[in-house]
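In what follows, a single structure is set out as structure tokens and then discussed.
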Amino acid sequence: MIGAFTAIVTTAIGPAAFAGVAWGILGGALPGISPSIAMALLLPFTYGMDPTIAIVLLASTYVGAEYGGSIPAILIRTPGTNAAAATVVDGYAMKEQGKAGEALGISLYSGVLGGMVGLVVLVLLTEPLSRVALAFTPAAYFALGVLGLSVIASVSGASLTKGLMAALLGLMIATVGTDPVSGVNRFTFGSPELLSGIPPILVMVGLFAVGELLAQAGEPGWQQAASGAARIRFPGSAMRKRIARPQAIGSVMGVFEGVMPGAGGTISAFLAYNEARRWSSHKKEFGHGSPEGIAAPEAANNTVACTALVPLLSLGIPGSNSSAILLGGFLIHGLIPGPTLFVNHPDIVNGLYTGLLAANLSLLVLGFVFMIPCLWLVNRPKPYLMAFVYAFVLSGVYAIEGSLFHVGVAIGFGPVGYAMRYFTVPFLPMVLGVVLGFMVESNYRRALVLASGDHMTFLQDSISAGLLGLAFVFVAGSAVRHGVDAIRRRRLARAAV
């Protein structure tokens with residue numbers, strides 16, 4: 001530990017980690033700029049760098065971007081990253097209650113804590129955890145996606161029917177593009193821009209951001225500036241005790257999901273949110289500004305930022321887009337991740353561990369600094385703020401691929417988000433459907449191809465059977481809860497009459 005702190009102070013690892021986190025926060029805070037895109041923009045600049053410094057810079061960008069996505073999620077109801085979609089509901093609700101500073105403080109505190117947990121797991125358990133990742137088959141990945149979809153029943157609010165309708169719409173959107181097995185074009189209507197499907201970030205930006213702008217424009221008094229100035233508040237001792245359990249849940253989910261290639265922060269964030277709600281003694285606050293609904297997903301996705309490197313370092317398998325960019329950084333410098341990396345280049349591995357420690361410490365400082373102008377911004381007069389947010393969102397969407405078509409798609413989902421708000425249809429089930437749809441379909445069909453069409457393969461695979469059983473328990477429990485709530489509401493209605 002002492003050697004790590006010495007390396008941070010005396011070498012370029014510290015400055016590289018600091019710069020990477022700063023750029024990552026900016027990239028994550030800009031809707032449309034995912035962690036992988038923020039890393040990809042840096043990749044050309046790493047050619048002439050020392051290999052250790054280059055790898056630390058890219059990995060630190062990943063850490064910063066995973067946290068940065070929560071800033072617009074809380075302040076302007078727009079998830080900067082896919083994983084931040086789970087933070088939107090309670091984060092923005094707390095902002096509406098005048099608790100933006102407290103929400104951001106909880107997010108930062110939980111993110112740093114989750115990142116440190118992920119780093120410890122990465123350092124201590126890389127080899128044994130990598131064996132778990134290697135055991136995953138297409139059937140297991142399908143079951144993992146089903147487990148993620150099982151959360152829908154818990155995030156559907158009062159109406160399970162509306163939640164299922166939203167999820168079905170999300171799954172339908174996920175089928176647009178090229179068939180994952182046969183390569184046939186589906187629902188593209190002759191448009192080459194739709195061959196690769198509709199990116200989930202466009203759907204989320206349209207639903208959350210553009211839809212929110214439309215709703216804000218229709219509210220009375222929207223031209224008046226917000227009253228009061230929020231102050232950044234880190235959780236006190238009582239709040240730290242309350243959010244300790246959801247943070248632990250989020251960290252466990254982040255470890256479990258991060259070590260499995262293809263899972264990533266999005267699934268872990270939603271599962272953490274669901275489990276935090278299940279084990280909370282303040283269930284009714286979820287969806288209305290619960291600090292636990294921020295702590296759990298933020299701890300989860302920041303844990304993933306470190307644990308996602310386990311399969312990359314141990315097996316050379318990039319488990320996500322961001323780790324694939326990091327793999328490119330290794331290859332640029334002639335390094336091949338895998339078991340031989342620990343033998344031939346232990347200095348690179350140790351330097352990466354040190355850099356991730358510096359990145360999480362830098363996140364605590366930079367996260368605080370970056371929140372100050374953001375809090376000032378949301379208290380400006382609404383006409384200027386709405387115009388800025390609109391330009392901010394659309395510029396971020398355009399920056400993804402320089403595509404006006406993507407801008408049009410995001411704008412097109414705006415009225416959909418407005419209609420869903422009007423009819424009180426929950427957003428999260430639709431987001432889950434869009435994010436997990438391709439994963440579920442592609443691995444379902446690949447598993448059947450490998451098993452010659454035998455559906456028993458999903459039960460014969462032990463990991464798949466276990467995950468499907470867990471999904472069944474989640475769905476059954478949520479169905480019972482919805483039934484009990486419906487009976488209670490009917491009794492209250494009769495009593496009122």
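General observations
- Each peptide in 87-100, 182-195, 416-429, 295-308 was scored by the mean count of other Cβ atoms within 10 Å over its residues; highest first, the order is 295-308, 87-100, 416-429, 182-195.
- Accessible surface, per residue, of the stretch 2-496 when the full set of protein chains is kept, probe 1.4 Å, Å²: 41
- When the solvent-accessible area of the stretch 2-496 is split by element, carbon and sulfur atoms take up 68 percent of it, the probe being 1.4 Å.
- Amide H within-cut-off set for N185, under 5 Å, with H built and near neighbours excluded: D179
- By the compact-protein rule of thumb, 2.2 N^0.38 Å, the alpha-carbon radius of gyration of the stretch 2-496 corresponds to a ratio of 0.94.
- Charged-residue dipole, Cβ positions (Lys, Arg, Asp, Glu), the stretch 2-496 about Cα centre, Debye nearest 20: 1840
- Per-residue 3J(HN,Hα) values for the stretch 186-202, derived from phi via the Karplus relation 6.51 cos²θ - 1.76 cosθ + 1.60 with θ = phi - 60°, read 10, 6, 8, 6, x, 8, x, 5, 9, 4, 8, x, 9, x, x, 5, 5 Hz in sequence order (x marks Gly and Pro).
- Gyration tensor verdict on the stretch 373-485 (Cα atoms; rounded if a/c is under 1.5, prolate if a/b is larger than b/c, oblate otherwise): prolate
The values are calculated or read from the model by the stated rules, or taken from the named source; none is laboratory data. No experiment lies behind these values; they were computed from the predicted model shown. Heads up, the Cβs are rebuilt from the backbone with ideal geometry, glycines too, and the neighbour counts pull from every protein chain shown. These accessible areas exclude ligands, DNA and RNA; they are computed on the full protein's heavy atoms, side chains included. Shrake-Rupley method; radii C 1.70, N 1.55, O 1.52, S 1.80 Å.
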